Amino acid sequence: MHASKGDRLVVHGRVVGKQDHVVEIVEVLGPNGTPPFRVRSENGHETIMSPGPDAVVDHRKSTDQV
């Protein structure tokens, strides 16, 4: 898993009916774009994540419109 600052990390819900959790990567702490990542959620909370196999990196920047 490789990411850059500004990418989004999508953690898929593992239970039926549970929504995906999407956060913005604000800092890459591992070598060559690898985890762990400092991430910021929509409410402004920041934490460090080492995502598991239920997560993917969305390389569109958070300011892009769909």
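The values are calculated or read from the model by the stated rules, or taken from the named source; none is laboratory data. Every value quoted in this text rests on a predicted model; they were computed, and no experiment measured them. Virtual Cβ from ideal backbone geometry, glycine too; neighbours counted across all protein chains shown. Quick note on the areas: whole protein, heavy atoms, side chains included, nothing else; ligands and nucleic acids left out. Shrake-Rupley method; radii C 1.70, N 1.55, O 1.52, S 1.80 Å.
Numbers at a glance
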item: Relative contact order (%) - criterion: Cα under 8 Å, at least six apart; region: the chain; result: 37
item: Compactness index (Cα Rg / 2.2 N^0.38 Å), the chain; result: 1.06
item: Simple label model, 7 Å out from Cα along Cβ direction - Asp20 to Asp54, nm; result: 1.4
item: Portion, in percent, of the accessible area of the chain that falls on carbon or sulfur, probe 1.4 Å; result: 50
item: Asn32 versus Glu46: modelled label distance in nm, points set 7 Å from Cα along the beta carbon direction; result: 2.7
